[in-house]
1. First check a/c for the range 129-201, with a ≥ b ≥ c the square roots of the eigenvalues of its C-alpha gyration tensor; if it is under 1.5, answer rounded, and if not, answer prolate when a/b is larger than b/c or oblate otherwise.
2. Size of the dipole of the chain about the Cα centre, Lys and Arg at +1 and Asp and Glu at -1 on the beta carbon, nothing else charged, in debye to 20?
3. Please work out the Cα center distance from the range 171-199 to the range 12-58, rounded to the nearest Å.
4. If you count only protein heavy atoms and use a 1.4 Å probe, how large is the accessible surface of S142, to the nearest 10 Å²?
5. Sort Y82, Y199, Y169 from largest to smallest accessible area, using a 1.4 Å probe on the heavy atoms of the protein chains.
6. Can you bin the range 16-129 into rounded, prolate or oblate? Criterion: square roots of the alpha carbon gyration tensor eigenvalues sorted a ≥ b ≥ c, rounded for a/c under 1.5, prolate for a/b above b/c, oblate for the rest.
7. Tell me, what % of the accessible area of the range 1-102 is carbon and sulfur with a 1.4 angstrom probe?
8. Quick one: compute the contact order of the range 34-183, relative version, from alpha carbon pairs under 8 angstrom and 6+ residues apart, as a percent.
Amino acid sequence: DWMGGNTFLAVHDAKVDGEAGRIRVSLLRLPTSLAGLQWKPLRPRFPGGLSNDLESVSRVPGTRKVLLVESGDDGSGFDRIYLARASRRRVRILDVVEWSSFTQVENVEGTAVARTEGGYLFIWAEREDGSDTTLVRWTDLSLAPFAIGASGIAGSASFSLPEDLAELYNRPLVGIDVDKSGEIFSVTAYDPGSDGGPYRS
């Protein structure tokens with residue numbers, strides 16, 4: 001997610017089994033010289049042990065706070081959403097909630113936070129591997145205290161790929177972002193099911 005200037009915050013979908021030593025969060029800086037792209041691995045302290053399968057990072061508009069979001073991992077029990085503060089050099093976890101505290105999910109890849117007149121909305125979609133349709137869902141987000149879905153505001157809308165894209169992509173929605181005017185941008189992807197790729201989005 002874009003953190004301003006030439007800096008982006010990234011998450012990596014490392015798993016607890018077999019990938020405990022892998023980086024979960026990093027900073028990326030766009031090139032400003034011949035040194036090229038800069039990558040800074042970060043090691044935030046995750047309450048309750050390492051994160052598992054982080055799939056998205058969503059900046060809370062107008063703040064340095066972000067949500068670091070686990071996929072839900074097909075009901076494995078790793079279904080956490082971390083509230084964190086990002087700086088130029090580190091990420092500090094402030095609080096955590098579980099998906100299961102407000103809904104049930106299987107494999108979320110795309111999330112975003114939108115500002116509204118009344119506060120914030122948390123938006124998400126499951127990747128629905130092999131389908132051309134997924135459900136985009138949203139609910140209220142509170143930062144103090146950190147809570148998702150506490151006021152009962154909720155909604156959903158079906159998202160389907162156009163027919164020409166449905167033939168090329170097997171994950172209809174893997175990324176979401178919302179601009180200041182409320183326009184929603186989404187990313188669609190093709191994943192061959194192999195770590196070697198090739199991928200496209």
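1. Here the range 129-201 falls in the prolate category.
2. In total the dipole reaches around 1660 debye.
3. Using only Cα atoms to place each centre, the spacing works out to 19 Å.
4. It works out to around 40 Å².
5. Working: Y82 0, Y199 120, Y169 40 Å².
The most accessible residue leads, giving Y199, Y169, Y82.
6. Judged from the Cα gyration tensor, the range 16-129 comes out oblate (a/c at least 1.5, b/c at or above a/b).
7. Roughly 50 percent, rounded to a whole number.
8. Here the relative contact order equals 18 percent.
The values are calculated or read from the model by the stated rules, or taken from the named source; none is laboratory data. Everything numeric here is computed off the predicted structure, so don't read it as measured data. No Cβ is skipped: glycine too gets one built from the backbone with ideal geometry, and neighbour counts run over all protein chains shown. For the accessible areas, the whole protein counts, side chains as well, though only heavy atoms, and no ligand, DNA or RNA atoms are used. Shrake-Rupley method; radii C 1.70, N 1.55, O 1.52, S 1.80 Å.
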